[in-house]
1. Quick one: length gained pulling Lys144 to Glu104 fully straight, 0.36 nm per residue minus the C-alpha distance?
2. Please say if the range 79-181 is rounded, prolate or oblate, where rounded means a/c under 1.5 for a ≥ b ≥ c the square roots of the C-alpha gyration tensor eigenvalues, and otherwise the choice is prolate for a/b larger than b/c and oblate otherwise?
Amino acid sequence: QPSLRFFSLPSSSNLSISNHPLIVFQLYNIEFHHLTNYQQYNMYPQSPLRDDSSPSTFVDLSVSCKNLKDMDLFSKSDPQVVLFMKVPAVQGQRTQSRYMEWREIGRTEIIWNNLNPKFAQSFRVTYRFEELQELKFVVVDIDKKNSKNLADQDFIGVAMVNLSEIVGSPGQVTTRQLVLDSTKTTSHKQKP
């Protein structure tokens, strides 16, 4: 079974989950800022806006994977990780707090022919104290490199975690098994 790992500092510890596919997240930087909504949007347009201009904390997460499933016939998988965050749905100019949707935050680069990739591209996420921030990490094998549509790629696995679990765990390291359910990659609205 694939797994997902979240951590904050480079770790030399060995994972005890043998032969299970893993995705590893490293929280390697935390920054504190006092930004207005306008400033935050201009710096990080993919991040959901706050309802106030209270101090913001930004965390940087890097990702690596281990023991990924080989999806290709004549070579190894070409993995990429896509990060989604659950946010209130927006209809027109108004935020619908009753409904939540998964919004894409970013993607790693593609690493070709590698079942144990260490991605250079990191994710910067706004961390909000005392708020539930659900993250979904989708791992795909890139078959059509010119397509941004995840449906055009081979699904390897998905893992979900709350950002506070990563920040608050010992050493800021958390491990999850990847789920092999491709229906979890679809964007959809749901009541919280």
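Just so you know, all these numbers are worked out from the coordinates, no wet-lab data involved. Predicted model only: the values in this text are computed from it and were never measured.
1. Working: separation 40, 0.36 × 40 = 14.40 nm, distance 1.91 nm.
Extending this stretch completely gives an extra 12.5 nm.
2. Working: a/c = 2.12, a/b = 1.26, b/c = 1.68.
Oblate, since a/c reaches 1.5 and b/c is not below a/b.
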